[in-house]
Amino acid sequence: MKPKLVVVGAAGRMGSRIIVLAVESGGFDIVGAVEKEGHPDIGKDAGILAGAGPIDVKLADEFLEAGDVAVDFSQPEAADRTIDYCIKNDVALVSGTTGLSEQQRGKFKAASEKIPIIYGTNMSVGMNVLFNLVGKVATMLGDEYDIEIIEQHHRFKKDAPSGSALTLAENICKATGRDCPGSLTHGRNGKDALRQKGTIGMHAVRAGDITGVHSVIFGTLGETVTVNHTANNRDTFAGGALRAAKWLVGKEPALYSMADVLGIS
Ligand code: NAD
């Protein structure tokens, strides 16, 4: 039996690619395509909208049918409705939406006592390897190295810094004993903007259609070490999310991560 998939944010950039890859893989039965109230394409075939051909599932502004797993790449304001639906219908949840509040992340944690959940700020394999690595690099280099994180995204991205940049920073803080978010400095401006030792500089670039570039710079007097990840297109995230969705179905209730899916936790 193929897992029944519900896509939330189904008409968005990520939602569309998830529908296309799910259809192409033949590994899912798409049973729901949910969008925000008032979306102009409500009622149209979600597969045609995504460019996957007809799938006989209409874009809806509500959850109509219970699936096995929901994949949500939408906006933070959608998160509460998605969690409530998943708990009520015993549906596993993969959420890639970034910019969630502390309270919403707490709600994921509470919900994970009832359903299996994966929340990941970046679903690509390469970035999850980087998440795993940065703390080790920071620890090996030591506190003489200044750390700056630069992320680049398309002009339509609402939240800043990116969820992935924050995860990179959190992992470095965890590994090196820095306070998070206390040691993060967002941007730098003015006459008294000298770098403070131990801080992590966070910088967000927004331009054109950049899919996603993250650079972590470790610099000291005499050398600079840079680790870099470039997402060439959204399919790296969409494919990772579907891999996570397949892995999650049938798992015990808990809050899992992409590292668990990839076996690198
Ligand atoms: P997008 O704006 O193209 O798509 C978001 C879609 O969600 C839109 O179609 C919008 O109408 C819809 N939406 C808004 N409110 C909704 C609601 N209440 N219910 C249902 N749908 C609703 O954005 P995108 O580029 O597809 O990105 C979506 C999210 O995924 C963002 O938070 C982005 O940062 C994140 N993202 C995460 C990863 C990852 O790997 N975790 C990768 C890329 C993007």
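Any read-out appearing in this document is the output of simple, stated calculations on the displayed coordinates, not a laboratory observation. All figures in this text were calculated on a predicted structure; none of them were measured in a lab. Counting neighbours? That spans all protein chains shown, and the Cβs are built from the backbone with ideal geometry, glycine included.
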* Asked: Per the helix-only calculation at 222 nm, which mean residue ellipticity applies to the chain, given -39500 (n - 2.57) for every DSSP H run of n ≥ 4 and division by its residues, nearest 500 deg cm²/dmol?
  -> -10000 deg cm²/dmol
* Structure fact -> Taking 58-67, 112-121 and ranking on average Cβ neighbours within 10 Å, highest first, one gets 112-121, 58-67
* Over the range 1-130, what is the relative contact order in whole percent, taking alpha-carbon pairs under 8 Å and six or more residues apart? -> 22
* Structure fact -> Simple spin-label estimate for N232/D56, 7 Å along Cα→Cβ, in nm, reads 3.6
* Asked: Can you pull the semi-axes for the range 117-265, root of five times each eigenvalue of the Cα gyration tensor, sorted largest first, whole Å?
  -> 28, 19, 13
* **Principal-axis tilt of helix 163-176 within the chain, Cα atoms, nearest 10 degrees** => 50
* Structure fact -> The ³J(HN,Hα) series, computed from each phi in the range 33-43 with the Karplus coefficients 6.51, -1.76 and 1.60 at θ = phi - 60°, rounded to the nearest Hz and given as x for glycine or proline, is 9, 9, 9, 6, 4, x, 4, x, 9, 4, x
* To do: With the cut-off at 18 Å, report for the range 1-101 the share of all Cα pairs above it, as a whole percent.
  => 38
* Which of C180, C86 comes first, and how do the rest follow, when ranked by fewest Cβ neighbours within 10 Å? -> C180, C86
* To do: Let me know the charge dipole size of the range 1-80 about its Cα centre in debye, to the nearest 20, where only the beta-carbon of Lys, Arg (+1) and Asp, Glu (-1) is charged.
  => 320
* Asked: Using modelled backbone amide H atoms (1.01 Å from N, in-plane), which distant-in-sequence or interchain residues come within less than 5 Å of K44's amide H?
  -> L59
* Asked: Using the alpha-carbon atoms, what tilt in degrees (0 to 90, nearest 10) does helix 235-248 show relative to the longest principal axis of the chain?
  -> 70
* Residues V69, V23, V227, V7 arranged by fewest to most Cβ contacts within 10 Å -> V227, V23, V69, V7
* Determine the alpha carbon to alpha carbon distance for each of K36/K58; K88/K114; K2/K251; K4/K251; K58/K157; K107/K136 and list only those over 18 Å. => K58/K157; K107/K136
* Structure fact -> Measuring from its Cα centre, the chain shows a charge dipole (+1 at each Lys and Arg Cβ, -1 at each Asp and Glu Cβ) which, in debye to the nearest 20, is 340
* Structure fact -> Inverse of <1/r> over all distinct C-alpha pairs of the chain, i.e. the Kirkwood Rh in Å, gives 19.3
* Asked: Which of the peptides 43-51, 181-189 is most tightly packed, and how do the rest follow, judged by the mean count of other Cβ atoms within 10 Å per residue?
  -> 43-51, 181-189
* Asked: Charges only on Cβ, +1 for Lys and Arg, -1 for Asp and Glu: so what's the dipole of the range 53-103 about the Cα centre, in debye to the nearest 20?
  -> 80
* In what order do L221, L133 fall by count of nearby beta-carbon atoms within 10 Å, going from fewest to most? -> L221, L133
